Amino acid sequence: MPADNVQSLIDQLHDEAEMDRPNDLTPDVGIIMGSDSDLPTMAGGQGKRPGAYVALADELGFEEQTDYTDAPESRFTFETFVCSAHRTPDLMYAYAETAADRGIDVIIAGAGGKSADLPNMTASIAYPLPVIGVPVQEKSVDSVIGMPQGAPLTAVDAGKSFNAALSAAQILARQYDDLRDRLVTYHEGLQTDVGEASRDLHELGTPGFKRKYWDE
Ligand code: RP5
């Protein structure tokens with residue numbers, strides 16, 4: 001029997017699934033993780049490289065939807081939950097089972113440890129909704145990607161939740177030209193950064209480059 005506060009989340013998910021809200025008012029991407037200790041990897045910060053939150057919110061203009069019935073202004077939104085496969089299996093099941101009816105178009109699921117089962121179990125339950133798995137640690141890679149034939153899961157390398165977010169946006173961009181343009185702009189920015197670094201390194205020389213970029 002789930003704890004009361006877990007049951008209340010489960011009930012809420014089922015209630016929301018029955019609301020039949022228009023797709024443009026529901027979160028497009030669902031981010032779930034096995035523990036709040038995964039948040040630095042899934043979102044970024046606390047000494048970790050930028051994560052899914054940074055990719056979606058800062059690079060692609062998504063907004064985080066924190067109230068299912070009150071969508072933010074941005075057309076593209078995501079929501080975030082902690083949902084442990086082992087400690088709250090009923091919540092994991094409810095999230096995956098209701099995701100499509102709640103209007104989620106793609107799920108990003110991250111988990112750590114050697115038994116990182118949240119991404120693959122979510123993919124099986126939410127099928128055919130696409131799920132992108134993020135192994136939070138190196139030792140989680142095998143358990144995330146090791147799916148049997150017929151039970152697909154797309155996955156990124158350990159800790160690369162930023163790329164998981166880009167992949168999620170790529171999936172959505174098949175439907176939305178605006179999002180496609182944002183992805184192209186982001187990619188052009190990467191090219192510009194490399195171009196700048198290359199010219200500066202060449203023209204300033206290594207000591208000058210280090211002075212300009214490393215001593216700031
Ligand atoms: C996994 O166990 C979680 O995804 C997390 O990466 C790991 C440790 O969880 P905590 O003990 O920090 O809650 O299920």
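Looking at Val184, Val194, which one is more than 15 Å from the ligand (Cβ to nearest atom), β-branched (Val, Ile, Thr) and closer than 18 Å to Ala57 by Cα?
Details: Val194 fails: closer than 18 Å to Ala57 by Cα.
The unique qualifying residue is Val184.
Give the residues of segment 131-177 that are touching a Leu at 6+ places or on another chain (Cβ under 7 Å) and part of a loop (DSSP other than H, G, I, E, B), sorted by residue number.
Met147
Per-residue answers, yes or no, for (1) touching a residue at least 24 places away in the same chain (Cβ under 8 Å); (2) within 25 Å of His86 (Cβ to Cβ):
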{"position": "Met121", "(1), (2)": "yes, yes"}
{"position": "Ile125", "(1), (2)": "yes, yes"}
{"position": "Val156", "(1), (2)": "yes, yes"}
{"position": "Ser167", "(1), (2)": "yes, no"}
{"position": "Ala173", "(1), (2)": "no, no"}
{"position": "Asp177", "(1), (2)": "no, no"}
{"position": "Lys210", "(1), (2)": "no, no"}
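Any idea which of Ala151, Ala109, Ala52, Ala100 is buried (at least 18 other Cβ atoms within 10 Å of the Cβ) and away from the ligand (no atom under 14 Å from the Cβ)?
Working: Ala151 fails: buried (at least 18 other Cβ atoms within 10 Å of the Cβ); Ala109 fails: away from the ligand (no atom under 14 Å from the Cβ); Ala100 fails: buried (at least 18 other Cβ atoms within 10 Å of the Cβ).
That would be Ala52, the only listed residue that is buried (at least 18 other Cβ atoms within 10 Å of the Cβ) and away from the ligand (no atom under 14 Å from the Cβ).
With respect to Ile10, determine if the residue is closer than 21 Å to Ile171 by Cα, surrounded by 17 or more Cβ atoms within 10 Å (Cβ to Cβ) and of a type in the set (A, V, I, L, M). Please lay out each step first, then the result.
Working: closer than 21 Å to Ile171 by Cα: no; surrounded by 17 or more Cβ atoms within 10 Å (Cβ to Cβ): yes; of a type in the set (A, V, I, L, M): yes.
The answer is no for Ile10.
Only one of (1) part of a helix (DSSP H, G or I); (2) free of Cβ contacts under 8 Å to residues at least 60 places away in the same chain; (3) within 16 Å of the ligand (Cβ to nearest atom); (4) touching a strand residue (DSSP E or B) at 6+ places or on another chain (Cβ under 9 Å) fails for Ala57. Which number is that?
That leaves (3) as the condition not met.
Readers should treat all values here as calculations from the given coordinates under stated rules, not as data from a laboratory. Note that the structure is a prediction, hence the values are computed from the model and not measured. Cβ coordinates were reconstructed from backbone atoms using ideal geometry, including for glycine residues, and neighbour counts include every protein chain displayed.
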